[in-house]
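The values are calculated or read from the model by the stated rules, or taken from the named source; none is laboratory data. Here the structure is a predicted model, which means the values were calculated and not measured. Cβ: placed from backbone, ideal geometry, glycine included. Neighbour counts: every protein chain shown. Quick note on the areas: whole protein, heavy atoms, side chains included, nothing else; ligands and nucleic acids left out. Shrake-Rupley method; radii C 1.70, N 1.55, O 1.52, S 1.80 Å.
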Amino acid sequence: MTPETFLKEAASKVASKLWGEGLPCLDATPTRKEFEGDFTIVVFPLLKASHLAPEATGKALGEALQAEYSEIGSFNVVKGFLNISLSSKYWAGIFSQIDSAKDWGQLPPTGKTIMVEYSSPNTNKPLHLGHIRNNLLGYAVSQLLAACGNNVIKANLVNDRGIHICKSMLAWLKTANGATPESAGIKGDHLVGDCYVKFNDIYKEEVAALIAAGVSEDDAKKQAPSLIEAQEMLLKWEQGDPETVALWKKMNSWVYAGFDKTYSDLGISFDKIYYESQTYLLGKALVSAGLEKGVFFRKEDGSVWCDLTSDGLDQKLLLRSDGTSVYMTQDLGTAESRFREYSLDELIYVVGDEQNYHFQVLKLILGKLGFSWSDAIYHLSYGMVELPEGKMKSREGTVVDADDLITKMYEEAKETSQELGKLEGMSAAEQDELYKMISLGALKYFILKVDPRKTMLFNPKESIDFNGNTGPFIQYTHARIMSILRKAGALSPLPEECVVNAKEIRLIQILASLPGKIGEAGSSHSPALVANYAYDLAKEFNQYYHETPILKEENASILTFRLHLISAIAAALRKSMGILGIKLPERM
């Protein structure tokens with residue numbers, strides 16, 4: 001039972017004895033920092049029954065609670081707010097529950113199945129900084145929902161078809177002279193991405209030449225020979241032209257290998273990978289059914305639309321006049337197939353906020369088609385991430401490449417660690433592993449500590465700081481705790497009774513709040529709540545550590561309790577940071 005539940009039930013029971021049955025429900029919430037107390041009960045709902053002033057009502061309730069429950073240490077009343085401090089004995093009992101738990105913070109099974117789709121890259125370029133936030137957020141949300149007791153399926157829909165990949169294919173044929181990742185000595189996704197940039201260079205030159213010849217800019221953009229060739233190549237692919245399909249498979253295989261390396265470096269994984277080339281036709285049957293039901297309508301040119309004007313939106317294209325599908329068509333089909341295959345309770349799309357309208361329309365159309373689960377679709381909309389240098393433009397080849405950023409983070413971690421002298425007694429292999437752990441911890445934490453809905457500025461140098469609200473600070477805190485535990489040796493059983501001071505009560509309170517914090521974060525789909533919980537716990541421990549020479553304690557029972565306490569803190573840090581996909585070192 002949580003402290004809030006205990007106080008809620010105890011206060012309601014005592015209030016009923018004082019003023020009769022049928023009283024309004026009472027809630028216990030954490031006391032604001034400027035007041036003394038652990039939890040606060042608002043007594044205004046009781047005034048009608050108590051026939052007393054707010055202060056007198058609070059005092060009467062506090063005295064009755066203290067008389068009946070030894071767990072109530074003290075109380076004070078501020079106007080209509082009863083602030084209660086629970087006894088040290090109560091908090092010692094709470095800690096005993098935490099200490100004996102096998103996986104403190106893990107919530108019981110819900111029986112629900114949730115799919116989280118994230119990453120969803122295009123196969124015409126390597127992953128970049130925007131993908132990093134998407135991947136880290138998607139993976140962390142998946143881990144978070146699993147910690148909330150759900151069965152989670154981590155999914156990726158790879159956009160492996162369309163005009164974008166045809167542009168890279170065409171540029172490869174025209175400019176690469178048969179280069180492969182092996183012959184060029186670069187990752188396959190980088191090779192294909194370079195081809196995409198080269199296509200854009202060729203395209204811009206053609207457009208400029210047409211404009212110089214007197215063609216309007218709009219017409220020039222449509223008439224550029226390279227664009228027409230790419231469109232023809234896409235048509236060939238859709239018709240199954242063997243040569244075009246073979247080139248498509250070859251270049252995509254290069255990209256997949258590159259993606260896999262980046263995912264591995266980031267510590268990201270998937271349970272199910274979908275490919276657009278296998279799913280883009282799924283929605284056509286739904287469109288046909290929608291036409292028969294009168295949900296959709298066909299225009300004179302043969303295109304199919306959904307009229308959403310009555311919903312305050314516009315008309316949405318579902319099939320082009322030539323019968324080809326659009327992204328919305330595909331998403332309708334994939335959503336239906338996923339709910340049918342997995343009986344999902346929720347389908348979460350981790351996609352940037354520029355697609356807010358798309359997912360609003362997707363839910364509306366699925367609802368109009370009669371799918372009751374349409375409300376179980378959730379768009380986890382997140383803001384863009386930028387570097388101090390500014391925004392990225394993939395067509396110009398100015399994206400912040402994910403692999404380059406991972407390397408930069410490694411170098412920053414190496415330089416900072418060497419400057420601080422945190423490598424004593426480590427072999428070269430151990431140092432390398434530590435640099436990787438610190439660099440990824442810094443990158444992941446810096447991005448995930450920000451509310452997903454906010455646009456953020458990522459500064460690699462700032463993220464490596466071993467002080468402040470950073471991943472390395474929490475990693476170093478964990479290593480410090482593990483060092484103390486190693487020096488202490490084998491841990492004796494937790495004593496039945498021990499003195500618990502105010503600082504230790506504060507640490508126990510933070511530990512006790514972990515399950516609730518994980519539940520709150522899961523409900524709001526926000527790993528940031530867990531990230532900042534870990535920081536608060538690490539910060540509180542460090543204050544305690546500087547004030548309390550743990551290993552110098554002469555009382556055996558108090559020493560054992562304190563060792564159990566910091567061991568539980570280390571476990572809570574591993575649990576919360578593990579949700580974020582961040583590893584914590586045993587030593588630094």
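For the stretch 454-525, give me every one of the helices (runs of 4 or more DSSP H) that falls completely inside it and has 1 or more residues that are closer than 28 Å to I406 by Cα and in contact with a Phe, Trp or Tyr (Cβ under 7 Å, 6 or more places away or on another chain). Steps first, please.
Details: elements: 460-463, 471-488, 502-512, 514-524.
Answer list for the stretch 454-525: 460-463, 471-488.
Conditions (1) crowded, with 20+ Cβ neighbours inside 10 Å; (2) free of Cβ contacts under 8 Å to residues at least 40 places away in the same chain, marked per residue:
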| site | (1), (2) |
| --- | --- |
| L485 | no, no |
| R506 | no, yes |
| E520 | no, yes |
| E553 | no, yes |
| T560 | no, no |
| L565 | yes, no |
| A570 | yes, no |
| I582 | yes, no |
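How many residues does the stretch 426-440 hold that are open to solvent by 70 Å² or more (accessible area, probe 1.4 Å) and either touching a Leu at 6+ places or on another chain (Cβ under 7 Å) or without any contact (Cβ under 8 Å) to a residue 24 or more places away in the chain (or both)? So the answer is 4. Filtering the stretch 332-391 to residues that are under 30 Å from E462 (Cβ atoms) and in a loop (DSSP other than H, G, I, E, B) leaves G383, M384, P388, E389, K391.
Condition check: modelled with pLDDT under 95 and touching a Lys or Arg at 6+ places or on another chain (Cβ under 6 Å). Does A28 satisfy that? Please lay out each step first, then the result.
Details: modelled with pLDDT under 95: yes; touching a Lys or Arg at 6+ places or on another chain (Cβ under 6 Å): yes.
Answer is yes for this residue.
If you go through the stretch 529-542 one residue at a time, do you hit one that is out of contact with any Ser or Thr (no Cβ under 9 Å at 6 or more places or on another chain) and closer than 27 Å to E424 by Cα? Yes, there is a match, as at least one residue in the stretch 529-542 is out of contact with any Ser or Thr (no Cβ under 9 Å at 6 or more places or on another chain) and closer than 27 Å to E424 by Cα.
Within the stretch 126-135, can one find any residue that is open to solvent by 30 Å² or more (accessible area, probe 1.4 Å) and closer than 30 Å to S576 by Cα? If you could, list the steps in order and put the result at the bottom.
Narrowing the stretch 126-135 to residues open to solvent by 30 Å² or more (accessible area, probe 1.4 Å): 128.
Now narrow it down to the ones that are closer than 30 Å to S576 by Cα: 128.
Yes: one or more hits.
How many residues are open to solvent by less than 10 Å² (accessible area, probe 1.4 Å) and either closer than 28 Å to S226 by Cα or not in a strand (DSSP E or B) (or both) if we restrict to the stretch 146-156?
Just the residues of the stretch 146-156 that are open to solvent by less than 10 Å² (accessible area, probe 1.4 Å), to begin with: 147, 155-156.
In the following step, the residues that additionally are either closer than 28 Å to S226 by Cα or not in a strand (DSSP E or B) (or both) were identified as 147.
Qualifying residue count for the region: 1.
For the stretch 249-263, the set of residues classified as under 23 Å from the mean Cα position of the chain (by Cα) and free of Cβ contacts under 8 Å to residues at least 12 places away in the same chain consists of D260 only.
Restricted to the stretch 306-349, and to residues that are open to solvent by 10 Å² or more (accessible area, probe 1.4 Å) and in contact (Cβ under 8 Å) with a residue 60 or more places away in the chain, which residue is farthest from P452 (Cα to Cα)? Can you show your working first?
Keep residues of the stretch 306-349 that are open to solvent by 10 Å² or more (accessible area, probe 1.4 Å), which gives 307, 309-317, 319-327, 331, 336-337, 339-346.
If we keep only those that are in contact (Cβ under 8 Å) with a residue 60 or more places away in the chain as well, we get 324, 342-346.
On the way: T324: 34, Y342: 27, S343: 27, L344: 23, D345: 22, E346: 19 Å.
Looking at the filtered set, the residue picked out is T324.
Going through the stretch 271-305 one residue at a time, which ones are open to solvent by less than 40 Å² (accessible area, probe 1.4 Å) and within 30 Å of S142 (Cβ to Cβ)? Talk me through it step by step, then tell me what you get.
Just the residues of the stretch 271-305 that are open to solvent by less than 40 Å² (accessible area, probe 1.4 Å), to begin with: 274, 276-277, 279-280, 283, 286-287, 289-290, 295-296, 302-304.
Y274, E276, S277, T279, Y280, G283, L286, listed by residue number.
All of S264, S226 fail the test of being hydroxyl-bearing (S, T, Y), modelled with pLDDT of 95 or more and open to solvent by 80 Å² or more (accessible area, probe 1.4 Å), apart from S264.
From the list G162, G214, the one residue that fits, being open to solvent by 60 Å² or more (accessible area, probe 1.4 Å) and at positive phi, is G214. Residues that are touching a residue at least 24 places away in the same chain (Cβ under 8 Å) and crowded, with 22+ Cβ neighbours inside 10 Å are absent from the stretch 175-183 altogether.
With a requirement of 3 or more residues that are closer than 30 Å to A571 by Cα, the strands (runs of 3 or more DSSP E) lying completely within the stretch 1-108 that satisfy it span 28-30, 81-86.
Using the structure shown, decide if H546 is out of contact with any helix residue (DSSP H, G or I) (no Cβ under 8 Å at 6 or more places or on another chain), farther than 21 Å from G489 by Cβ and either open to solvent by 30 Å² or more (accessible area, probe 1.4 Å) or in contact (Cβ under 8 Å) with a residue 60 or more places away in the chain (or both). Let's see the steps before the verdict.
Numbers: out of contact with any helix residue (DSSP H, G or I) (no Cβ under 8 Å at 6 or more places or on another chain): yes; farther than 21 Å from G489 by Cβ: yes; either open to solvent by 30 Å² or more (accessible area, probe 1.4 Å) or in contact (Cβ under 8 Å) with a residue 60 or more places away in the chain (or both): yes.
Yes.
Taking the stretch 49-72 as the range and being farther than 20 Å from D27 by Cβ and open to solvent by less than 50 Å² (accessible area, probe 1.4 Å) as the test, only A56 passes. Listed by first and then second residue, the pairs linking a residue in the stretch 15-32 that is open to solvent by 60 Å² or more (accessible area, probe 1.4 Å) to a residue that is of a type in the set (G, A, S), with Cβ atoms under 8 Å apart and 6 or more places separating them unless they lie on different chains, are K17/A64; L18/S50; L18/A60; L18/A64; C25/S12.
Does T455 fit the bill of being open to solvent by 20 Å² or more (accessible area, probe 1.4 Å) and at negative phi?
Working: open to solvent by 20 Å² or more (accessible area, probe 1.4 Å): yes; at negative phi: yes.
Yes: the conditions hold for T455.
Scan the stretch 264-314 for residues that are assigned to a helix (DSSP H, G or I) and over 30 Å from the mean Cα position of the chain (by Cα) and report the count. Give the steps one after another, and end with the answer.
Residues of the stretch 264-314 that are assigned to a helix (DSSP H, G or I), as a first pass: 264-266, 276-279, 284-293, 309-311.
Narrowing further to those that are over 30 Å from the mean Cα position of the chain (by Cα): 284-293, 309-311.
Residues flagged as assigned to a helix (DSSP H, G or I) and over 30 Å from the mean Cα position of the chain (by Cα) within the stretch 264-314 amount to 13.
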